[in-house]
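The values are calculated or read from the model by the stated rules, or taken from the named source; none is laboratory data. What you are looking at is a predicted structure, and each value in this text was computed from that prediction instead of being measured. Glycine gets a Cβ as well: all are built from the backbone with ideal geometry, and neighbour counts include every protein chain shown.
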Amino acid sequence: MARGLALRRVEHLAIAHEIDHAEGRHAGLARAEEIARAAQPQIALGDLEAVGRLGHRPQPRARVHRQRRLIEQKAKGLVSVAADAATQHDTVVLNVEQAYFGLLASYRLRGVADETVADNQKHLDLAQGRFGVGLAPKFDVTQAQVQLASAELNQVTARNNVSLGRETLRNALGLSGPLDFDIVDALEQPPIEVDDDEALALAYEHRPELRSIRAQVDAAVQRVAAVEKDYLPKVTGNAGYSWSGAQYPLQENWSIGAAVNLSVFNGGLTTAQVGEAKAILENLQANEEVTRQNITLDVRQATLNLRNAVESIRVADKGLQQARENVEIAEGRYETGVGNIIELTDAQTSRTSAEASRVQAVVNYRTALASLERATAHAFSAE
């Protein structure tokens, strides 16, 4: 459900043309890499020797090499742009998933608030009944009224949080109008186990940020190689064949020429351009290492948060079961006159807190899983 909502958001972006929603999140990047491979120039050096045509002036060999490098540089640039588009796609998916899970949490907490109000109303009715027949003091009634008022206040807040959650999801989807569809509750999902090394390997292979910077490094390498070609001499040649004369047989005329152009005094322009290109390359290589380290941190944090969320759900389930049993015991004790109203209200408060903790634990798990999928650029869930 969350991923479908996210792809709906992607449709509103300009980069949607680079992304194939049906085939995968990085289809645009794969297409760009295919285009880049197809863009490799297929120029045979033997073609440079074909100088026998009349008036033919071939391109200098060094110039052809330089143009080849520049074409490869532009092809790598296309891959980098497509990878940046995939990064934006993944960011949109994560934002929508977080807004979706937050809204589901608001719905569930609203349900907890409604149930708490109903239970406190039941306790107030019970206290009033016992007070009416002289089995409980007036304090029991006022205490139950205070608890009911507090529960109703929390109910108002919970309902407002639902409205805020819908607005947050609407904004994440990029919709100008209100949400015109119902949200399916898909919070519950069996926990999954992810190996750290496997997650890192997936991230290094699929993260578009790393693929983008790698493509930029490759483009910078081609740029350095292209600029260095200016150190080489530029050799050109031409040949011609013609006939002339007033009568047959005509006089044959042949012409052939060659030139070598070597730039010696250009004020160090080539050297400066090569130095600039190498400096850019070194900076990109450093950025690649920084990006790799950041990705490593993202993955390790996501896997740790996922394990913590799984354990939190287990503990929350146990605490909720005990809190519910405690309320049943406290209600039975109060009805029979063994317990008091403080014991009952404390048990009710504990159960409400346990219900909320369980909801938050499930939301934290789904959020942690979404963050791991973003960190690895790989879908682990079955949705």
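What to note about this one:
- Residues in region 341-358 that are closer than 18 Å to Gln143 by Cα, in contact (Cβ under 8 Å) with a residue 24 or more places away in the chain and either surrounded by fewer than 17 Cβ atoms within 10 Å (Cβ to Cβ) or not polar (S, T, N, Q) (or both): Ile341, Ile342, Leu344, Ala347, Arg351.
- For region 234-249, the set of residues classified as under 30 Å from Ser263 (Cβ atoms) and at pLDDT below 80 consists of Lys234, Val235, Thr236, Gly237, listed by residue number.
- Output for region 176-192, where each listed residue is free of Cβ contacts under 8 Å to residues at least 12 places away in the same chain and either surrounded by 10 or more Cβ atoms within 10 Å (Cβ to Cβ) or touching a Phe, Trp or Tyr at 6+ places or on another chain (Cβ under 6 Å) (or both): none
- Restricting attention to region 133-155, the residues that are surrounded by fewer than 15 Cβ atoms within 10 Å (Cβ to Cβ) and touching a residue at least 60 places away in the same chain (Cβ under 8 Å) total 2.
- Selected residue (only one of Val274, Val235, Val260 is in contact with a Lys or Arg (Cβ under 9 Å, 6 or more places away or on another chain), surrounded by 11 or more Cβ atoms within 10 Å (Cβ to Cβ) and not aromatic (Phe, Trp, Tyr)): Val235
- Test result for Gly129, more than 30 Å from Ile295 (Cα to Cα), outside any helix (DSSP H, G or I) and over 25 Å from the mean Cα position of the chain (by Cα): no
- Only one entry of Glu311, Glu335 meets the criterion of being out of contact with any Phe, Trp or Tyr (no Cβ under 6 Å at 6 or more places or on another chain) and within 30 Å of Leu200 (Cα to Cα), and that entry is Glu311.
- Of the criteria (1) surrounded by fewer than 16 Cβ atoms within 10 Å (Cβ to Cβ); (2) modelled with pLDDT under 85, which one Glu198 fails: (2)
- Yes/no for Glu289 being modelled with pLDDT of 80 or more, surrounded by fewer than 12 Cβ atoms within 10 Å (Cβ to Cβ) and either part of a helix (DSSP H, G or I) or hydroxyl-bearing (Ser, Thr, Tyr) (or both): yes
- Scanning region 353-383 for residues that are assigned to a helix (DSSP H, G or I) and among the aliphatic types (A, V, I, L, M) turns up Ala354, Ala356, Val359, Ala361, Val362, Val363, Ala368, Leu369, Ala370, Leu372, Ala375.
So that you can scan it fast, the table gives a plain yes or no per residue for (1) more than 30 Å from Gln348 (Cα to Cα); (2) modelled with pLDDT of 90 or more; (3) not aliphatic (A, V, I, L, M):
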{"position": "Ala62", "(1), (2), (3)": "yes, no, no"}
{"position": "Lys74", "(1), (2), (3)": "yes, no, yes"}
{"position": "Tyr107", "(1), (2), (3)": "no, yes, yes"}
{"position": "Ala113", "(1), (2), (3)": "no, yes, no"}
